[in-house]
Amino acid sequence: MTEIPNLTERQAKYFASMRESLEKATGKSLAEWVEIASTCPETTHRARLAWFKQTHGLMQNRASQVLSEAFGSSSAWRDPDALITALWTDPHARKIYEAIDAASLALPGALRTARKGYTAWSRTFQFAAARPVKGGGVVLGLALRSDEAAGLAPPRSEPWSERLKSRLALSAPSEVDGALRGKLQEAWNGS
């Protein structure tokens with residue numbers, strides 16, 4: 001079984017339960033599904049997912065689990081450093097990200113995970129996430145209610161956890177100041 005780095009305890013339990021329930025739900029072990037995956041005529045991840053659904057009735061989460069085991073994965077869970085490098089290419093946005101990252105990881109038990117379109121920080125639950133925006137800025141999502149007085153706006157179709165109820169646009173690393181560290185701490189407290 002391929003190990004996944006930087007998971008919260010809750011995330012690790014989720015992936016373990018998916019592995020454990022695969023055989024019970026489908027009648028086939030992960031090893032059997034991996035063998036079936038080797039017969040897939042498709043070469044891209046999305047096409048393989050569609051093939052599993054059409055041919056075997058295996059839905060996206062379980063099919064992704066099998067495909068990851070069968071063919072390896074470039075998913076955010078497996079190579080976070082590569083995804084962070086690929087995502088944070090704008091030098092200015094990268095500096096803002098690094099300031100957010102340092103402030104978030106200074107909180108006890110905080111973990112960083114990467115996705116294709118954003119980077120997230122969790123303790124038990126996700127408490128913050130950030131993504132670069134055109135022009136070198138960053139949008140930071142927080143697990144706090146939006147409060148215009150505190151500079152927090154409601155989310156707008158963001159790719160991260162629905163737990164992040166507010167967002168904040170940042171245009172400079174200096175904006176990751178004591179006030180923003182306090183907001184990160186508050187969001188962390190609830191995670």
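Please treat every number below as a calculation from the coordinates, not as lab data. Here the structure is a predicted model, which is why all the values come from computation and not from measurement. As a convention, Cβ positions derive from the backbone with ideal geometry for all residues, glycine included, and neighbour counts pool all protein chains shown.
With the convex hull drawn over the C-alpha atoms of the stretch 21-70, the volume per residue is 64 Å³. Karplus-based coupling profile of the stretch 171-183, in residue order and whole Hz: 10, 8, x, 5, 6, 7, 9, x, 5, 5, 4, x, 5, with θ = phi - 60° in 6.51 cos²θ - 1.76 cosθ + 1.60 and x standing for Gly or Pro. When the Gaussian network model of the chain links Cα atoms closer than 10 Å, the mean-square fluctuations of 64, 104, 122 top out at 64.
Partners of residue 28 within straight-line reach, counting lysines whose Cα lies under 28 Å from its Cα and excluding those fewer than 8 residues away in the same chain: 13, 53. Note on the stretch 49-191: Cα-Cα pairs beyond 22 Å make up 42% of the total pair count. Adding -39500 (n - 2.57) for every DSSP H run of four residues or longer, then dividing by how many residues the chain holds, sets the calculated 222 nm ellipticity at -14000 deg cm²/dmol. Rounded to the nearest Hz, the phi-derived 3J(HN,Hα) couplings of the stretch 110-127 under the Karplus curve 6.51 cos²θ - 1.76 cosθ + 1.60 (θ = phi - 60°) are 6, 10, 9, 10, 10, 10, 4, x, 6, 10, 10, 10, 9, 10, 7, 10, 5, 10, where x marks glycine and proline.
Between the exposed loop cleavage positions of the chain, defined as GluC sites (Glu not before Pro) in a non-H, G, I, E, B DSSP state with at most 16 neighbouring beta-carbon atoms within 10 angstrom, the longest gap is 43-161. Taking a straight Cα-Cα cut-off under 18 Å and skipping sequence neighbours fewer than 8 places away in the same chain, the lysines within cross-link reach of residue 134 are 95, 116.
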